[in-house]
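Trainee: Below is a structure I'd like to ask you about.
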Amino acid sequence: MTIVTAGAGATRAGLTVSSVWVIEGDPPIVKAIVNPLTELWDAIESDGRFVVHVCDWSHRDLADVFAGLRPSPGGPFASTDVGNSEYGPVIDALPDRVYCEVAAMATEGHTGIVSGEVASVTVSDLADPLIHFRGRYRRID
């Protein structure tokens with residue numbers, strides 16, 4: 001599971017995104033499925049940049065907040081510590097991040113596909129990634 005963020009100040013947006021893939025190349029590309037009717041889509045389109053945060057097992061509740069499944073008075077960013085970057089908001093609790101520049105945005109039917117060139121990556125020793133499969137969170141065993 002990932003949480004994708006974009007924008008700044010009043011236009012910052014974030015959303016839990018389970019459909020993300022990385023395509024090797026020069027430069028590497030990240031593709032994410034994002035509903036084109038969301039504030040995140042608008043923020044990415046406006047700023048041309050975004051951040052993909054990789055969630056671990058301990059961040060199930062945070063993923064639910066950004067998915068709109070768990071209440072968060074004040075919005076999803078109010079439930080966690082957040083910093084800023086030139087690519088968008090950075091969630092302090094999620095150190096595994098991919099910073100992207102938009103390469104393309106397209107719609108297929110009711111689905112939006114955001115493609116971003118990878119500008120930089122930060123990784124930790126993530127050992128227990130959050131997986132969503134068949135309607136629930138699971139662990140790699």
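Trainee: Suppose we filter segment 58-114 for residues that are aliphatic (A, V, I, L, M), in contact (Cβ under 8 Å) with a residue 60 or more places away in the chain and not in a strand (DSSP E or B); how many remain?
Mentor: Here the count works out to 2.
Trainee: Right, next: Filtering segment 23-41 down to residues that are open to solvent by 50 Å² or more (accessible area, probe 1.4 Å) and under 14 Å from the mean Cα position of the chain (by Cα), which residue is farthest from Gly135 (Cα to Cα)?
Mentor: The selected residue is Glu39.
Trainee: Counting only residues that are touching a residue at least 60 places away in the same chain (Cβ under 8 Å) and part of a strand (DSSP E or B), how many does segment 120-136 have?
Mentor: Number of matching residues: 3.
Trainee: Going residue by residue through segment 61-81, is there one that turns out to be out of contact with any strand residue (DSSP E or B) (no Cβ under 8 Å at 6 or more places or on another chain) and more than 25 Å from Tyr137 (Cα to Cα)?
Mentor: There is at least one residue in segment 61-81 that is out of contact with any strand residue (DSSP E or B) (no Cβ under 8 Å at 6 or more places or on another chain) and more than 25 Å from Tyr137 (Cα to Cα).
Trainee: Could I ask something else about it? Kindly indicate the residue of segment 1-22 that is out of contact with any helix residue (DSSP H, G or I) (no Cβ under 8 Å at 6 or more places or on another chain), outside any strand (DSSP E or B) and open to solvent by 60 Å² or more (accessible area, probe 1.4 Å) and also modelled with the lowest pLDDT among those meeting that condition.
Mentor: Ala10
Trainee: What number of residues within segment 96-110 are open to solvent by 30 Å² or more (accessible area, probe 1.4 Å) and touching a strand residue (DSSP E or B) at 6+ places or on another chain (Cβ under 6 Å)? Can you show your working first?
Mentor: Residues of segment 96-110 open to solvent by 30 Å² or more (accessible area, probe 1.4 Å): 97, 101-110.
Within this subset, residues satisfying the condition of being touching a strand residue (DSSP E or B) at 6+ places or on another chain (Cβ under 6 Å) are 97, 101-106.
Residues that pass the stated criteria total 7.
The values are calculated or read from the model by the stated rules, or taken from the named source; none is laboratory data. Just so it is clear, the structure is predicted and the values come from calculations on it, not from any experiment. Cβ coordinates were reconstructed from backbone atoms using ideal geometry, including for glycine residues, and neighbour counts include every protein chain displayed. Calculation scope for accessible area: heavy atoms of the full protein, side chains included, ligands and nucleic acids excluded. Shrake-Rupley method; radii C 1.70, N 1.55, O 1.52, S 1.80 Å.
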